[in-house]
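*Asks:* Take a look at this one; I'll ask things after.
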Amino acid sequence: MKPIRVGLLGLGTVGTGVVRIVEGHQSDLQSQVGSEVIIEKVLVKNVDKSRSISVPHHKMTDNAWDIIRDPDINIIVEVMGGIETTKEYLLEALERGKHVVTANKDLMALHGPEILAKAKEHQCDVFYEASVAGGIPIIRTLSEGFSSDRILKIMGIVNGTTNFILTKMSQEGASYADVLKEAQELGYAEADPTSDVEGLDAARKMAILGTLGFRANVALEDVSVRGISSVSKEDILYAKRLGYEVKLLGIAERQDEHISLSVQPTMIRKSHPIASVNGVFNAVYVHGEAVGETMFYGAGAGEMPTATSVVADLVAVIKNLKLGVNGQQAIVTYKEKKLKTDEQIEYKNFILLHVQDKAGVLARITQVFAEFEVSLASVLQQPNPDNPEAEIIIITHDASKASMDKVLKHFEQLDVIRKIKSVYRVEG
Ligand SMILES: NC(=O)c1ccc[n+]([C@@H]2O[C@H](COP(=O)([O-])OP(=O)(O)OC[C@H]3O[C@@H](n4cnc5c(N)ncnc54)[C@H](OP(=O)(O)O)[C@@H]3O)[C@@H](O)[C@H]2O)c1
């Protein structure tokens, strides 16, 4: 077979890893795909920038069309990031019959259906394993490994930055602001950390996982999002005392044909395997109707782990080329998307209230829960030595989101409650 010529868009963290693996593992790759794999051209912003790997100068370009419109290039590997312009490049590449491998979750979460439809129209492959959880092969696992099963629940720690912050807060009793600053200094958090800490990055990944897991087109707007910026060290202390860790969990669930997706800081029982995923590591827990519980763990980002997934996609495209079966996506979204209503979404809740320290307060509070048919698993009342008020910690049984919203709205008006200090979803 003729050499496979790859156009690489981007030579940053991931692109550098792609070049290292394609060059370093060339003989293994050739044995698997039966042809030489050549990085033909590389797109960068600045061709004169000094880099940690050497790519011949004549292969570098700052003009994407040199690559997209090169008839000798068979496959585009997109690791430049960005959304609208990048989409334009990839759509034209597909129109020209080039296959695409991308690590771009922002692009796939927002425009995945359009890109996949274009790929189908032109019988091209689009693979995006690295877009969720970097080095963990979760996309292929959901689309192929679990193709025979019906997925009931996916829980993911899919953002390393927030997991690093919450782990440090838990292990060192540090405040959110202090750990965020440290994460920025270490390069784990961006100068503007909003997308990570407010849960948007995780929501994009959950939209991709939900689409694959439930075989229905899940959009970013279908994922309810709450980030970690309001998590206090006191909340984490309470969670630990009660046997929980606080993690930013993406949760996608299915019951009958109805699905729900969310990202929120969640109190997860310490005995659950996902509770012990620490630092920048990622993990995805998948519960299938037939297979039961499974979990996948590994590096969610970084040069070599992410590039491993990108090059694995490249191998998959080349194998399809040899078989002449490109463009037949292993997964099709054949199911109609039916989202659960707030009445149908149910989970346990942790609520921490600051209340007046006097008789009868607890009765007033439990009465509100009863009124909205929320049953309680445990109630703990304790005076706070630093506070003239008392603290009440409540853990509910499964309650609908609609009922809980009504309870909390009622609490805002209740004179015996000084403050609704914190509310968390509880799992495990
Ligand atoms: N980093 C990770 O661990 C990781 C993990 C999973 C997924 N991803 C995804 O992989 C993609 C790349 O991430 P990265 O961390 O490798 O990014 P990065 O280090 O910022 O590298 C981006 C590269 O693309 C080039 N580039 C960007 N915009 C360009 C433009 N408009 N025209 C020409 N060249 C352009 C840059 O050129 P210069 O070098 O000249 O600046 C650079 O080489 C993103 O979609 C990201 O979400 C990253």
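The values are calculated or read from the model by the stated rules, or taken from the named source; none is laboratory data. Treat the numbers as computed from the prediction; the structure is a model and nothing was measured. So basically every Cβ, Gly included, is an ideal-geometry build from the backbone, and we count neighbours across all protein chains shown.
*Asks:* Answer yes or no: is there a residue in the range 339-361 that is modelled with pLDDT of 95 or more, among the small types (G, A, S) and out of contact with any helix residue (DSSP H, G or I) (no Cβ under 7 Å at 6 or more places or on another chain).
*Replies:* no
*Asks:* Which of the following residues is surrounded by fewer than 17 Cβ atoms within 10 Å (Cβ to Cβ) and not assigned by TED's automatic domain parsing to the domain that holds N104: A183, A219?
*Replies:* A219
*Asks:* Out of A301, A283, A307, A239, I need the residue that is assigned to a loop (DSSP other than H, G, I, E, B), surrounded by 19 or more Cβ atoms within 10 Å (Cβ to Cβ) and either away from the ligand (no atom under 16 Å from the Cβ) or not β-branched (V, I, T) (or both). Which one?
*Replies:* Going through A301, A283, A307, A239 in turn, just one is assigned to a loop (DSSP other than H, G, I, E, B), surrounded by 19 or more Cβ atoms within 10 Å (Cβ to Cβ) and either away from the ligand (no atom under 16 Å from the Cβ) or not β-branched (V, I, T) (or both): A301.
*Asks:* Give the residue that is modelled with the lowest pLDDT, with candidates limited to residues of the range 104-147 that are more than 29 Å from T266 (Cβ to Cβ) and small (G, A, S).
*Replies:* Only one residue tops the list, namely A117.
*Asks:* Pick out, from the range 1-101, the helices (runs of 4 or more DSSP H) lying fully within it that include 1 or more residues that are near the ligand (Cβ under 9 Å from one of its atoms).
*Replies:* 13-24, 64-68, 84-95
*Asks:* Going by the structure shown, is H111 within 28 Å of M155 (Cβ to Cβ) and either near the ligand (Cβ under 9 Å from one of its atoms) or not in a strand (DSSP E or B) (or both)?
*Replies:* yes
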